[in-house]
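First up is the structure itself, then whatever we jot down about it.
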Amino acid sequence: MSSKLFLLFENIALFSVIFFQLKPTTADSNNIIIRCIDEEREALLTFKRSLVDEHGVLSSWGREDDKRDCCKWRGVRCSNTTGQVKVLNLRTSDYEFARRKFLKGTISRALLKLHDLRHLDLSNNDFGGNPVPEFIGSLSKLRYLSLSCGGPLELPRKFRNHSRLE
């Protein structure tokens with residue numbers, strides 16, 4: 001009886017792997033692949049659309065099959081366990097900045113969908129001299145923020161009480 005039951009479960013497992021194209025996984029955590037969360041990928045792509053990228057800085061960002069994992073995009077770092085975006089570092093190097101190879105545009109509210117964002121560095125880019133958007137103060141888990149662009153920045157009141165920022 002137990003051998004028939006085992007054979008039945010074995011066939012069900014094999015059927016599900018073939019039918020649903022599931023890949024059997026092992027308990028070894030090194031074999032688990034964590035990818036970015038769809039909502040966060042879409043938020044980053046919305047953010048990208050608010051920018052002018054004349055030099056292909058964000059060319060690794062996209063919807064194509066080989067670009068779907070936003071955790072592999074330039075400047076994006078994700079949690080190894082949850083796939084949530086933790087770091088967005090699009091700082092332009094001083095070398096690139098001197099050659100005017102920086103991002104331009106506006107900072108999109110789509111960043112609010114990055115619920116676990118801890119580090120945001122958009123320094124040495126050109127956001128048209130606009131003040132720091134107030135909504136950035138709503139990123140409750142943010143610990144590091146750099147938006148410097150060579151000129152003085154006026155921080156909204158919401159930031160002045162954001163004690164978690166370094």
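The values are calculated or read from the model by the stated rules, or taken from the named source; none is laboratory data. Here the structure is a predicted model, which is why all the values come from computation and not from measurement. Heads up, the Cβs are rebuilt from the backbone with ideal geometry, glycines too, and the neighbour counts pull from every protein chain shown. For accessibility, only protein heavy atoms count, side chains too; no ligands or nucleic acids. Shrake-Rupley method; radii C 1.70, N 1.55, O 1.52, S 1.80 Å.
For the range 60-143, run through the GluC sites (Glu not before Pro) and keep only the ones in DSSP coil with at most 15 other Cβ atoms within 10 Å of their Cβ.
Hits after loop and neighbour filter: GLU64.
Please identify which residues in the range 119-139 have an amide N closer than 17 Å to a label point set 7 Å out from the Cα of ALA98, following the Cα→Cβ vector.
Answer for the range 119-139: 124-125.
Output the peptides 120-126, 65-71 sorted from most to least packed, where packing is the average of other Cβ atoms within 10 Å over each peptide's residues.
120-126, 65-71
If Lys and Arg each add +1 and Asp and Glu each add -1, what is the summed charge of the other residues whose beta carbon sits under 10 Å from the beta carbon of GLU54?
+2
Based on the inverse mean of 1/r over its pairs of different Cα atoms, what is the Kirkwood hydrodynamic radius of the range 98-140, in Å?
11.7
Counting only heavy atoms of protein chains, what accessible area per residue, in Å², does the range 62-158 have with a probe of 1.4 Å?
Accessible area per residue: 56 Å².
Using the Cβ atoms and a cut-off under 14 Å, what net charge is assigned to the surroundings of ARG100, where Lys and Arg are +1 and Asp and Glu are -1?
Net local charge, ARG100 excluded: -2.
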